[in-house]
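Asker: Handing you this structure, nothing more for now.
The values are calculated or read from the model by the stated rules, or taken from the named source; none is laboratory data. Keep in mind that what you see is a predicted model, and the values were worked out from it rather than measured. Every residue, glycine as well, gets a Cβ built from its backbone with ideal geometry; the counts of neighbours run over all protein chains shown. Just the protein is used for accessible areas: all its heavy atoms, side chains included, with ligands, DNA and RNA removed. Shrake-Rupley method; radii C 1.70, N 1.55, O 1.52, S 1.80 Å.
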Amino acid sequence: NGDINNIFSIDTGNDVLDLSNSTVKLSNFNSNNALDKAISIGERSKLNAENLNIDKAFIGIAIKDESEVLIENVNISNTNFGIATYIKKIEYEPVQGEITKYIYNNNKVNKIIESKSNISINSKTNHKFKNNVINLLYPG
């Protein structure tokens with residue numbers, strides 16, 4: 001739990017920031033070339049974040065397992081999945097939150113949203129919901 005400010009990461013072999021059962025305020029986060037997720041928010045974590053810049057990752061921001069987010073001013077480019085919400089562990093409920101000022105460029109998929117997620121992205125809640133997103137992200 002706490003505040004994290006001014007992160008700059010290049011060529012990370014896995015996740016850059018991995019939150020589990022945490023309450024965090026994050027500002028000024030920059031990630032370039034994360035092998036898996038730039039930011040992973042899981043297991044009932046709460047994230048309040050602003051000014052995020054992510055370039056080249058498998059997943060830009062993963063929000064999972066009953067976590068809550070409030071994110072403002074995020075740029076995600078050159079990822080397989082810009083934002084992904086999903087349930088990884090069956091004991092958890094879907095995610096909730098709000099993401100504003102989401103700017104995306106050259107992602108294979110800008111957002112993939114698990115059914116029953118209660119999330120607003122750029123003031124929109126009418127997403128094309130998917131079931132079992134975890135299996136779409138990591139098949140097999």
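Asker: With open to solvent by 90 Å² or more (accessible area, probe 1.4 Å), closer than 19 Å to residue 73 by Cα and among the polar types (S, T, N, Q) as the only criterion, which of 131, 105, 118 stands out?
Answerer: Only one candidate qualifies: 105.
Asker: Let me ask something else. Give all pairs with beta carbons closer than 7 Å in which a residue from the range 23-45 that is over 19 Å from residue 56 (Cα atoms) and aliphatic (A, V, I, L, M) meets a residue that is open to solvent by 50 Å² or more (accessible area, probe 1.4 Å) and modelled with pLDDT under 95; count only pairs at least 6 apart in sequence or on separate chains.
Answerer: From the range 23-45, the pairs are 24/1.
Asker: Please go through the range 16-50 and give me each residue that is in a loop (DSSP other than H, G, I, E, B) and surrounded by fewer than 20 Cβ atoms within 10 Å (Cβ to Cβ), ordered by number.
Answerer: Within the range 16-50, 21, 22, 43, 44 meet the criteria.
Asker: In the range 1-14, which residue that is farther than 18 Å from residue 69 by Cα and outside any strand (DSSP E or B) is least open to solvent (accessible area, probe 1.4 Å)?
Answerer: Selected residue: 13.
Asker: Taking the range 121-132 as the region of interest, how many residues are over 13 Å from the mean Cα position of the chain (by Cα) and either within 18 Å of residue 87 (Cα to Cα) or β-branched (Val, Ile, Thr) (or both)?
Answerer: Residues flagged as over 13 Å from the mean Cα position of the chain (by Cα) and either within 18 Å of residue 87 (Cα to Cα) or β-branched (Val, Ile, Thr) (or both) within the range 121-132 amount to 7.
Asker: Taking the residues in the range 51-80 that are at positive phi and touching an Asp or Glu at 6+ places or on another chain (Cβ under 6 Å) as candidates, determine which candidate is surrounded by the fewest Cβ atoms within 10 Å (Cβ to Cβ).
Answerer: 73
Asker: In the range 66-116, which strands (runs of 3 or more DSSP E) lie fully inside it and hold 3 or more residues that are under 17 Å from residue 131 (Cβ atoms)?
Answerer: Hits in the range 66-116: 68-86, 109-114.
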